[in-house]
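The values are calculated or read from the model by the stated rules, or taken from the named source; none is laboratory data. Keep in mind the model is a prediction, meaning the values are calculated, not measured. Quick reminder, even Gly has a Cβ in these numbers, built from the backbone with ideal geometry, and neighbours come from all protein chains shown. Calculation scope for accessible area: heavy atoms of the full protein, side chains included, ligands and nucleic acids excluded. Shrake-Rupley method; radii C 1.70, N 1.55, O 1.52, S 1.80 Å.
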Amino acid sequence: MKSLLIVTTIPATLRAFFIPITHHFQSQGWRVDGMAKEISASPECLKAFNQVWDVELSRNPLKPQNLMVALQQIQKVVEKEKYDLVLVSTPVAAFVTRFALNGLRKQGKLKIVYTAQGFHFYRGGAAARNAIFLTLEKLAGQWTDYLVVVNREDEEAAKRYHLVPDERVRYIPGTGLNVARFNPNAIPEAEVVRVRQELGIPIEAPLFLSVAEFIARKRPWDILKAFARLERTDAHLAFAGTGLLFDEMQQLASRLDIQDRVHFLGLRKDIPVLMLASTATILASDQEGLPNCVMESLCMGTPAIGTEIRGTKDLLEGGCGILVKVGDVEGFTRAMSWMLDHPEETKSMGKCGQEQIVPYKLEHILQQYQALFAEVLQK
């Protein structure tokens, strides 16, 4: 029986991205374990993995516990369990785990695959920060058998900087979109009516939706400022998500005098319904790897407005949305106005999105991971 350990810094990453992969390989007879900080407190992870391992990792790369405590914990577990393959993701977990296990790897006792959900160096990033993270990726690349990237910019960067030999770089666009959940044909019209009634939005009123955490990287203030400039006073804007900037953005909406048409929904379990009820979704981030919310929107047939950054650009360049430069508030306003003034073209964008998203569906991603793991273990 083949065995796989998946390591991330926090269990939320495992829950969000890697459980479908876990289930797939378990169905192939593999033993799949998970490791993350406080993973044993996650009921979903306890249910999904054959076994879970707590590790004292911190998302802060400067915390001494990462190398003084977590490193030894990882080595002890892997030496005891004798995994065939270790899959790592997220910056801290990926670096520390590869460092910890390089000795075993060099002895031929296991293989290590790193899935980069988005390098921490990127076009438009601060020069000093980019230099630091690129140096760390080059160092850790020496401890890596195969590198998986989820967008074309990172693929090009991995090869340009020779993070690993080119033949060991794999482009796999994400960890799989759940098309069963994001299926517009499975949602009754009554659900769309219900959610609009809940929000107090007339059925015919335009609605823009942002599904994102309220953090600086997502730049929610750009969306609010752009919406405030929109001349269509019948339009509404909804935010689904929570985060450190939640209260501050509510205050900004009030200062912009748009609070009556902006809806702060918090965490929602009915994202597919909200997307189907929307004219378009909006993501203003300055950095992404491959944004799930854009993929989900396209799967629902709802076009997206996003920034010209890696990942988002991969998804929208095919004509299923509108790209705007990071921080271009007026550009976001123009994009929203265009969609409202061109309803038929906007619908066509939505149909284009459903075609564009096919390679990102879970079934295709699982096939690629299946082929990758088979290749890795044959080496």
Radius of gyration and maximum dimension Dmax of segment 136-256, Cα, Å: 21.0, 57
Semi-axis lengths (Å, descending) of the ellipsoid that matches the C-alpha gyration tensor of the chain: 39, 21, 20
Global geometry of segment 120-177, whether rounded, prolate or oblate, following the gyration tensor of its Cα atoms and the 1.5 cut on a/c: oblate
With every protein chain in place, the chain: carbon and sulfur % of accessible area (1.4 Å): 51 percent
Eligible lysines near Lys225 by straight Cα distance, threshold 17 Å, same-chain separation 8 or greater: Lys325
Pairs from Lys37/Lys63; Lys76/Lys109; Lys80/Lys138; Lys109/Lys138 whose Cα-Cα separation, in the structure shown, is over 21 Å: Lys80/Lys138; Lys109/Lys138
Prolate/oblate/rounded call for segment 180-247, Cα gyration tensor, a/c under 1.5 rounded: oblate
Surrounding net charge for Thr312, when Lys and Arg each add one and Asp and Glu each subtract one, Cβ distance under 11 Å: -4
Kirkwood Rh and Cα Rg combined as Rg/Rh, segment 244-287: 0.99
Spatial extent of segment 1-99: Rg and Dmax, with the Cα atoms as the point set, Å: 12.5, 39
Heavy-atom surface of the chain, accessible at 1.4 Å and reported per residue (Å²): 44 Å²
Whole-angstrom Cα spans of segment 69-128 along principal axes, big to small: 43, 22, 16
Compactness relative to 2.2 N^0.38 Å, alpha carbon Rg of segment 276-379: 1.22
Helix-only mean residue ellipticity at 222 nm for the chain, each DSSP H run of n ≥ 4 adding -39500 (n - 2.57), per residue, nearest 500: -12500 deg cm²/dmol
Length added when fully stretched, Gln65-Leu139, from 0.36 nm per residue minus Cα-Cα: 24.6 nm
Net length gained if the chain between Arg152 and Lys313 were fully extended (0.36 nm per residue, minus Cα distance): 57.0 nm
Principal axis box of segment 194-323, alpha-carbon based, largest edge first, Å: 35, 30, 29
Cβ-isolated cysteines (cut-off 4.7 Å), the chain: Cys45, Cys293, Cys299
Relative packing of 38-49, 280-291, 1-12, which averages over residues the other C-beta atoms within 10 Å, highest first: 280-291, 1-12, 38-49
Net charge dipole size for segment 51-129 [Lys, Arg +1 and Asp, Glu -1 on Cβ; Debye, nearest 20]: 260 debye
Between 0 and 90°, nearest 10: helix 343-356 axis offset from the chain longest Cα axis: 10 degrees
Of all DSSP beta bridges in the chain, antiparallel share, percent nearest 5: 0 percent
Per-selection Kirkwood Rh - segment 275-314 (Cα, Å, 1 d.p.): 10.1 Å
Angle in degrees between helix 127-141 and the longest Cα principal axis of the chain, rounded to the nearest 10: 40 degrees
Accessible heavy-atom area order of Phe95, Phe18, highest first, probe of 1.4 Å: Phe95, Phe18
